[in-house]
Amino acid sequence: MLKLKNIDAFFGKTQVLRHVTLHVEAGEIVSLIGANGSGKTTLLNVISGLHPSRNGSRVFLNVETRGMKPEKIVALGILQVPEAEKVFNPLTLLENLELGAYLRRPDRVKLAEEMEKVFQLFPILRERKDQPAGTLSGGERQMLALGKALMGQPKLLMLDEPSLGLAPTVVSEIFHIVRSLNDRGITILLVEQNAKEALRISHRTYVLDTGRIVLSGSGQELLNNDEVKRAFLGKDYRGKWER
Amino acid sequence: MTFGLQLFQFILSGLTTGSTYALIAIGFSLIHNATGIVNFAQGEFVMLGGMFMITFHSLLKLPMLPSFFLTVLSVAAIGLLLEFGPIRRAKSKEILILVMITIGASISIKGLSMILFGKNPMTLPPFSGETPLILFGAAIMPQSIWIFGITVSIVLALNYFLKKTTTGKAMRAVAASRRSAMLTGIPVDRMILLSFTFSGALGAVAGMIITPITTTSYDVGAILGLKGFSAAILGGYGSMPGAVIGGLLLGVFESLGAGLISSEYKDAVAFLILLTILFLKPSGIMGKGRLRRV
Ligand SMILES: Nc1ncnc2c1ncn2[C@@H]1O[C@H](COP(=O)(O)OP(=O)(O)OP(=O)(O)O)[C@@H](O)[C@H]1O
Ligand SMILES: [Mg+2]
C-alpha cells in the first residue's frame with residue numbers, strides 16, 4: 001500500500017532521516033518505534049507532505065507522492081493525527097468533525113450520518129459537541145482527533161504517539177480503538193514511545209535510530225530481541241560508551 | 001450647544017470614522033490569522049478604494065452602484081495578486097521577509113498611484129446628499145449613516161461566512177493551526193489567497209465610504225493603515241470582534257481628543273493608544289493573552 005524507498009530528510013543541513021525504506025501493506029498495523037529525536041515525527045510529516053524528502057520515492061497505492069501538496073496526499077487517503085495541534089482548539093467539536101470531511105464535502109444528511117458514526121465510536125464527544133475543542137481533556141482531544149481523521153475516510157491512518165500524556169486507562173482505551181479501527185479495514189501506521197503496547201498490537205514493527213531503520217520484524221520477534229532495548233536506550237548506551 | 005450634546009456629537013462622528021478603522025483592522029486580522037504576517041499594504045488598499053471609486057464614478061461617470069462593485073473587485077484583485085505573485089513566490093517564507101514584501105508592495109502602490117492619480121487631494125460626493133439628519137439634537141450626515149450601515153452589513157456578512165460556511169470554518173481552522181489544517185486536507189494556500197482578496201475588498205470599501213468625509217490623495221495609505229493597525233492592536237490583534245471594538249473605540253477617542261483638546265492632536269491619539277496598549281496589555285481588549293505563534 002505504502003512503499004518508502006531510500007528517503008532522506010533534512011532540517012537545514014542536519015540530516016534527520018537516512019535512506020529510510022519501509023512498506024505498509026493494506027490491512028496491517030505497522031508500528032514505528034524509536035528514542036526521542038530519532039525522526040519518527042519527521043518521517044510521518046514526510047509521508048504527509050509537510051516536510052520535504054530528498055532522494056528516494058514515496059509510493060502510495062501505486063502513486064508517487066513526492067512533491068504533492070498535503071491536501072493531495074490527504075485526498076489519496078493518508079491521514080495523520082499529529083502529536084501536537086491535533087484539533088482546532090477554538091472551533092467546536094462539530095466544526096472540527098465537519099472539517100475532517102472538508103475534501104469530500106458531503107451534503108448535510110450524509111455529514112450528519114457520518115458524524116453519528118463517530119459519536120457511536122466516541123459517545124463522550126456527543127455530550128460536548130458544541131464546545132470548543134480547546135476545552136476538552138487530553139483523552140477526549142485524542143478521540144476528537146481520531147474522529148476528525150475518520151471523517152476524512154482514511155485508507156492509511158498515521159498516529160503520532162496517540163498515548164502521549166494520557167492516563168493509563170485512557171491509553172488502553174485508545175489502543176483498543178486503534179485495533180478496532182484496523183478490524184474495520186483501516187491500515188494503521190503507529191508511532192509510539194510506549195513500545196510494549198505498540199509491539200503487542202501491531203503486525204510488524206520498524207525501529208528507527210537516529211534517522212535509520214535499524215531493525216524490523218513482527219511484534220513477537222522484536223519483543224524478544226535484545227537489540228530493541230539497545231535501540232531504545234540508544235542514547236544512554238552510547239553515552240556510557242563514549243565516556 | 002450644551003456640553004452633553006457636544007459630547008454626543010463627537011461620539012457620533014467618532015463612531016463614523018471608527019467604523020472605517022474597524023474595516024481596516026478586520027483586513028489586518030484576516031491576513032494575520034491566515035499567515036501570521038502584518039500586511040503593510042493594507043492602508044494602500046484603502047487609498048486605492050477611494051481612488052478607484054473616484055476614477056469610475058467621477059471621471060468615467062459610471063453610476064454609483066456599478067462603480068462601487070467595480071472598485072471592490074479591482075482592489076480585491078490587487079490583494080489577490082499581491083498574494084499570488086510576490087508573497088507566494090517568495091523564496092523564503094520567513095515572516096520578516098514576507099512583511100518586507102508587503103512594505104515593498106505598499107511603496108510601489110503608493111508610487112504608481114502618485115503617477116496615475118496625481119498629487120492633488122481628491123474627494124467623492126457623499127452617497128446621498130449633504131442634508132444632515134437631526135438625532136436627539138445632534139446633526140448626522142447621511143454619509144455617516146451609509147458608513148455605519150455598510151460597516152454593520154459587512155461585519156454581519158463576514159461573521160456569517162466565518163461561522164456558518166465550510167470555507168469560513170476552514171479559514172478559522174487555518175488560523176487555529178496551519179499544520180493541522182494541512183493534515184486535514186484544507187488547501188491552506190487557497191485560504192491565504194482568500195484572506196488577501198477579502199482584505200483588498202474590505203480596504204476598498206473602507207476607502208470608498210470614508211473619502212466623501214476626509215478627502216483622499218495618493219499618500220493617505222500609511223496613516224489609514226496605521227489607524228487600522230492601532231485599532232487591531234487595541235481590540236486584540238487577530239480577533240474579529242476585537243477589530244470592530246478597537247476600531248470604534250479608536251474613532252471615538254480620536255474624535256474626543258480632537259474635539260476636546262485640539263484637532264492637531266487627532267492623529268497623535270492613535271499613536272498614543274497604540275503605545276499605551278503595547279505597554280500595558282499587548283494582547284488587546286479581546287486578546288487571549290498571547291500574541292499568536294508565527
Ligand atoms: N523544527 C526543527 N528544526 C530543526 N531540527 C528539528 C526540528 N524538528 C525536529 N528536529 C530534529 O530532527 C530530529 C528528529 O525529530 P523528530 O521530531 O522527527 O523526532 P521524533 O522521533 O518524533 O522525536 P519525539 O519522540 O521526541 O517525538 C531531532 O534530532 C530533532 O532535534
Ligand atoms: Mg515525535
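The values are calculated or read from the model by the stated rules, or taken from the named source; none is laboratory data. Because the structure is a prediction, the values reported are computed rather than measured. All Cβ positions, even for glycine, are placed from backbone atoms using ideal geometry, and neighbour counts span all protein chains on display. For the accessible areas, the whole protein counts, side chains as well, though only heavy atoms, and no ligand, DNA or RNA atoms are used. Shrake-Rupley method; radii C 1.70, N 1.55, O 1.52, S 1.80 Å.
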Pairwise FRET efficiency - A:N225 versus A:T21, Cβ, R0 = 30 Å, nearest 0.05
0.95
In order through the range B:21-32: 3J(HN,Hα) via Karplus (6.51 cos²θ - 1.76 cosθ + 1.60), integer Hz, x for Gly, Pro
4, 4, 4, 5, 4, 4, x, 4, 5, 4, 5, 4
Collect residues whose amide H, placed 1.01 Å from N in the peptide plane, falls under 5 Å from the amide H of A:Y206; neighbours closer than 5 in sequence don't count.
A:S31, A:L32, A:I33
Using alpha carbon centroids, what distance separates the range B:21-66 and the range B:237-268, in Å?
19
Step through the residues of the range B:7-20 one at a time and calculate ³J(HN,Hα) from phi using the Karplus curve (6.51 cos²θ - 1.76 cosθ + 1.60, θ = phi - 60°), rounding each to whole Hz and writing x for Gly and Pro.
4, 4, 4, 4, 5, 4, 6, x, 5, 5, 5, x, 4, 5
Checking the cross-link filter: which lysines have an alpha carbon closer than 18 Å to that of A:K196, excluding same-chain neighbours under 8 positions apart?
A:K40, A:K229
For the pair A:K13/B:A139, report the inter-label distance in nm, with labels modelled 7 Å from Cα in the Cβ direction.
7.1
Students often get this wrong: which residues of the range A:1-45 have the backbone nitrogen under 17 Å from the point 7 angstrom along Cα-to-C-beta of A:V214?
A:16-21, A:32-41
Scoring the range B:145-294 by relative contact order with C-alpha pairs under 8 Å, at least six apart, yields a percentage of 16
Hey, in the GNM for chain B with a 10 angstrom Cα cutoff, which one of B:G50, B:G203, B:G14 fluctuates hardest?
B:G14
Globularity ratio of the range B:1-120, using Cα Rg and 2.2 N^0.38 Å:
1.30
Compute the separation of the alpha-carbon centres of the range A:101-144 and the range B:154-218 and state it in Å as a whole number.
26
In vacuum, with every alpha carbon of the protein assembly as shown counted as one equal point scatterer, what does the Debye formula give for log10 I(q)/I(0) at q = 0.11, 0.13 Å⁻¹? Two decimals, please.
-0.97, -1.19
For A:K129, go through the lysines and keep the ones whose alpha-carbon is under 21 Å away, minus same-chain ones fewer than eight residues off.
A:K86, A:K110, A:K117, A:K148, B:K163, B:K164, B:K169
Looking only at aspartates and glutamates whose Cα falls under 13 Å of A:K3's and that sit 8 or more positions away or on another chain, we get A:E25, A:E64
Take A:D209, B:D267 and sort them by solvent-accessible surface of the protein heavy atoms, 1.4 Å probe, largest at the top.
B:D267, A:D209
Convex hull volume of the range B:74-173 per residue (C-alpha atoms, cubic angstrom):
189
Interface area, B with A, accessible, probe 1.4 Å, both sides summed, Å² nearest 100
2100
Which distance in nm do the two modelled labels at B:V152 and B:L60 give, with both placed 7 Å along the Cα-to-Cβ direction?
3.2
Rounded to whole Hz and in sequence order, give me ³J(HN,Hα) for the range A:52-64 from the Karplus expression 6.51 cos²θ - 1.76 cosθ + 1.60, θ = phi - 60°, writing x for Gly and Pro.
x, 10, 10, 6, x, 9, 10, 10, 10, 6, 6, 10, 6
Can you give the accessible area of A:D130 in Å² (nearest 10), computed on protein heavy atoms with a 1.4 Å probe?
110
Using only protein heavy atoms and a 1.4 Å probe, report how much of A:T42 is accessible, in Å² to the nearest 10.
20
Looking only at the protein assembly as shown, where both bridge partners belong to it, what percent of the DSSP beta bridges are antiparallel (to the nearest 5)?
60
For the range B:3-280, report the % of Cα-Cα distances exceeding 25 Å.
44
So how far apart, in nm, are the two label points at A:Q131 and B:A90 if each is 7 Å from Cα heading toward Cβ?
3.9
Dipole moment magnitude, nearest 20 debye, chain A about Cα centre, only Lys, Arg, Asp, Glu C-beta charged:
680
Note down the magnitude of the dipole of chain B about its Cα centre, charges +1 on Lys and Arg C-beta and -1 on Asp and Glu C-beta and zero elsewhere, to the nearest 20 debye.
1240
What residues in the range A:77-122 lose 20 Å² or more of accessible surface when the other protein chains are added to their chain alone (1.4 Å probe)?
A:Q80, A:P82, A:E85, A:F88, A:P90, A:L91, A:E95, A:E98, A:L99, A:Y102, A:R105
